[in-house]
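The values are calculated or read from the model by the stated rules, or taken from the named source; none is laboratory data. This one's a predicted model, so the numbers in the text were calculated from it and none came from an experiment. Cβ placement follows ideal geometry from the backbone for every residue including glycine, while neighbour counts extend to all protein chains displayed. For accessibility, only protein heavy atoms count, side chains too; no ligands or nucleic acids. Shrake-Rupley method; radii C 1.70, N 1.55, O 1.52, S 1.80 Å.
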Amino acid sequence: MAAAVAVRGSSSDGGGYDKVSGMDSGKYVRYTPEQVEALERVYADCPKPTSSRRQQLLRECPILANIEPKQIKVWFQNRRCRDKQRKESSRLQAVNRKLTAMNKLLMEENERLQKQVSQLVHENAHMRQQLQNTPLANDTSCESNVTTPQNPLRDASNPSGLLSIAEETLTEFLSKATGTAIDWVQMPGMKPGPDSVGIVAISHGCRGVAARACGLVNLEPTKVVEILKDRPSWFRDCRNLEVFTMIPAGNGGTVELVYTQLYAPTTLVPARDFWTLRYTTTMEDGSLVVCERSLSGSGGGPSAASAQQYVRAEMLPSGYLVRPCEGGGSIVHIVDHLDLEAWSVPEVLRPLYESSRVVAQKMTTAALRHIRQIAQETSGEVVYALGRQPAVLRTFSQRLSRGFNDAISGFNDDGWSIMGGDGVEDVVIACNSTKKIRSNSNAGIAFGAPGGIICAKASMLLQSVPPAVLVRFLREHRSEWADYNIDAYLASTLKTSACSLPGLRPMRFSGSQIIIPLAHTVENEEILEVVRLEGQPLTHDEALLSRDIHLLQLCTGIDEKSVGSSFQLVFAPIDDFPDETPLISSGFRVIPLDMKTDGASSGRTLDLASSLEVGSATAQASGDASADDCNLRSVLTIAFQFPYELHLQDSVAAMARQYVRSIVSAVQRVSMAISPSQTGLNAGQRIISGFPEAATLARWVCQSYHYHLGVELLSQSDGDAEQLLKMLWHYQDAILCCSFKEKPVFTFANKAGLDMLETSLVALQDLTLDRIFDEPGKEALFSNIPKLMEQGHVYLPSGVCMSGMGRHVSFDQAVAWKVLAEDSNVHCLAFCFVNWSFV
């Protein structure tokens with residue numbers, strides 16, 4: 001009886017009352033607990049059952065027999081609505097907790113800044129008073145204000161002395177993290193907010209270089225401390241961290257003597273190391289602190305022989321303050337304060353060691369981003385396709401970076417030694433006979449005889465080349481600089497059989513590469529992917545064998561919104577997902593030497609859009625958008641590794657040297673093409689040698705379209721040539737022009753066309769017309785060639801074509817027409833792809 005009773009009331013959270021649509025206003029149906037339980041079981045399996053499923057439910061559950069199907073439908077609707085409300089409520093509560101914690105953080109920062117202002121006002125008044133009361137000739141106030149750093153090693157020979165130093169380090173660190181010991185200024189381009197990485201500041205006018213960051217992470221303090229203390233896991237420049245001594249301290253804390261080694265960022269500078277005291281303790285308010293400082297003297301750490309390739313740097317009081325946050329999570333304060341001994345590097349590279357922004361980007365924010373990434377992976381906010389485990393993918397990234405850093409630094413204790421050159425010192429050749437490459441079956445090394453690894457590396461200074469644009473170009477247009485035979489040789493070393501030198505079994509590269517994304521960090525500053533290079537057999541016997549090559553590739557800093565201290569493209573050949581053996585990493589690293597003042601990365605794209613702006617608009621766009629790029633200096637480091645068998649060592653070394661030289665030449669050509677000071681293609685310059693000016697071609701394209709089709713391509717086709725070029729460049733559909741030859745190659749594309757082909761004006765000539773169409777598309781095109789030649793234009797049906805990156809692109813319709821020159825001869829063919837999109 002109770003199951004059919006209609007009463008007035010409100011819907012209960014358990015689902016006992018539901019208003020039925022169509023009944024009298026205020027009428028609700030009440031369900032018994034047994035009925036609710038039966039409905040909840042079905043809801044857990046299927047929150048949105050179909051009409052037939054609801055009918056089946058009524059038949060199979062006798063306790064629901066006297067409930068109308070419409071009432072069942074309403075119950076499920078209300079149940080889904082309550083679920084949605086609960087999720088939204090939970091989300092809003094989480095956002096509210098985050099905003100509350102961020103507000104607290106900002107209030108603390110505001111209070112610290114007010115103290116800093118008061119301190120500066122007081123110091124200013126004091127100095128004015130001294131200047132008024134003391135003659136300048138006898139003024140010694142500057143000397144009195146200079147403080148000599150205390151020697152932290154005075155009692156370091158015994159545990160009590162180390163504990164004393166630890167307490168001093170803690171006090172100094174806290175004064176930097178939450179006090180006014182350092183004059184902090186907000187880092188340009190890093191604005192605080194609930195979705196930002198945190199509040200990032202850099203030092204102004206202090207000794208050495210320093211950076212500070214504070215932010216919120218959804219991890220417990222103990223977990224945060226555990227992650228941050230494992231510096232090699234998140235700081236890619238950290239080669240090794242070894243704890244030599246551990247002494248118990250109060251509050252369950254520890255004092256440790258730590259030796260840390262850093263990689264060299266380029267081949268032109270030595271690596272750094274630190275000998276430090278690290279103090280971990282718990283504060284009275286429950287906060288966890290890890291603070292660290294250098295112990296003076298160069299004798300600490302390992303033997304002098306193993307440290308001879310390092311310059312001993314100094315870490316001033318630095319560390320991490322991790323406070324528990326109400327409602328879960330932590331508020332993290334990070335301070336990095338270093339003296340990197342800039343005197344030991346060439347003057348042109350000293351900005352790398354004298355810039356607080358570099359430290360902020362490479363260390364401070366990198367730590368905050370890493371724990372933020374792990375927090376989002378732990379909470380399930382980041383999910384990768386095909387069930388890939390984030391920790392496994394992160395390990396691949398770390399191994400790629402470590403292999404590349406090992407190649408650049410070439411430490412003696414890793415087995416590296418410099419080989420003799422050929423009289424030209426542009427490329428350094430190093431040999432490592434201790435490294436072995438395992439096969440997939442772990443049956444041993446991949447060579448029939450003893451061997452090792454040869455590394456060819458070089459560094460060069462770049463002027464006016466945007467690093468992100470260069471690395472993106474190298475990634476997307478591998479055929480511009482790579483030799484497929486070399487890639488094939490490197491891939492063959494992964495096999496169990498002996499490999500041969502390139503040239504003994506020549507291969508041909510189709511020019512196509514398929515990029516398969518694997519993972520990326522939250523802010524896309526790192527992207528991990530697999531690259532498949534498509535090979536073409538040269539003989540009929542090889543046609544049945546797969547000649548494709550797979551590379552595991554790591555890209556850093558290529559996102560236009562990323563703000564990084566280095567931009568990398570690192571890759572290694574793989575036969576399958578590798579085990580724990582080292583990856584033979586090769587690649588490129590570009591490090592800016594002059595950081596932009598606004599902190600924004602270059603927004604220029606690979607299509608060199610600014611080069612097609614015409615007239616006064618060209619000069620303005622080129623000048624404004626690339627003012628920083630034109631003055632930008634950066635250092636490019638190239639390192640390629642080549643496995644070898646002992647009897648082929650000299651041959652592989654010569655091949656490696658020549659290959660890296662060819663890459664340097666290719667990079668120089670690309671740099672000239674993408675440099676803002678070189679790419680100002682205005683109306684008076686030609687697109688490609690032997691072809692008309694850009695503005696002239698634009699006019700021919702529009703006039704021919706109107707001549708053949710009887711309608712205007714552009715809304716204002718009667719304007720001057722420069723205006724036509726600008727309108728054609730920004731036209732919404734993809735416009736492509738190809739040569740009128742036996743094997744047509746593309747000669748021009750507007751912005752939409754370059755986006756569709758995923759290429760640039762520099763690499764456009766590498767694409768042929770037949771390569772972008774699939775088989776049905778080729779048949780449709782070739783069957784309409786006679787019609788195109790007769791009437792001057794032809795419509796192609798909807799279909800699919802291929803981009804330069806191997807991705808499928810669908811289009812609703814395509815139009816092809818003959819482009820006539822001034823003498824009415826056919827100059828080229830033009831295509832317009834309407835409503836295209838990536839499949």
Problem set entry | Packing-based ranking, highest mean first, of 747-756, 241-250, 318-327 given that Cβ atoms within 10 Å are counted | 747-756, 318-327, 241-250
Seminar exercise, completed: Given 58-69, 269-280, the highest-first ranking by average Cβ count within 10 Å works out to 269-280, 58-69
Seminar exercise, completed: Residues other than K743 with Cβ under 12 Å of its Cβ, Lys/Arg counted +1 and Asp/Glu -1, net out at 0
Problem set entry | region 208-294, Cα convex hull volume normalised per residue, Å³ | 129 Å³
For this session: Using a 1.4 angstrom probe, figure out how much accessible area region 159-382 has per residue, in square angstrom, rounded to the nearest whole.
Result: 36 Å²
Problem set entry | Cut-off under 5 Å, modelled amide H: who pairs with E645 long-range | none
Problem set entry | HN-Hα J in Hz across region 208-220 - Karplus 6.51, -1.76, 1.60, θ = phi - 60°, x for Gly and Pro | x, 10, 8, 8, 9, 9, 9, x, 10, 9, 8, 9, 6
Exercise. Once you put a point 7 Å from the Cα of D575 and another 7 Å from the Cα of E167, both along the Cβ direction, what distance in nm separates them?
Worked result: 6.1 nm
Problem set entry | Descending semi-axes in whole angstrom, ellipsoid equivalent of region 159-382, from the Cα gyration tensor | 26, 22, 17
For this session: First measure r as the distance between the Cβ atoms of N158 and H647, then evaluate 1/(1 + (r/R0)^6) with R0 = 60 Å and state the FRET efficiency to the nearest 0.05.
Result: 0.55
Exercise. Once both labels are modelled 7 Å past Cα along the beta-carbon direction, what's the V711-V800 spacing in nm?
Worked result: 2.8 nm
Exercise. Quick one: if you stick a label point 7 Å off each Cα along the C-beta vector at E779 and I247, how many nm between them?
Worked result: 8.3 nm
Exercise. Rounded to a whole number, what % of the accessible area of region 751-839 do carbon and sulfur atoms account for, probe 1.4 Å?
Worked result: 51 percent
Seminar exercise, completed: Packing-ranked peptide list from 217-225, 358-366, highest mean Cβ count within 10 angstrom first, is 358-366, 217-225
Problem set entry | Fully extended contour minus Cα-Cα distance, from R41 to C81, at 0.36 nm per residue | 12.7 nm
For this session: Compute the whole-percent fraction of alpha carbon pairs in region 710-833 spaced more than 25 Å apart.
Result: 20 percent
For this session: Beyond 23 Å between alpha-carbons counts as too far, so tell me which of K48/K70; K84/K104; K229/K435; K176/K229; K48/K87 fall in that bin.
Result: K84/K104; K229/K435
Problem set entry | Environment charge at T637 (Cβ cut-off 10 Å; Lys +1, Arg +1, Asp -1, Glu -1) | +2
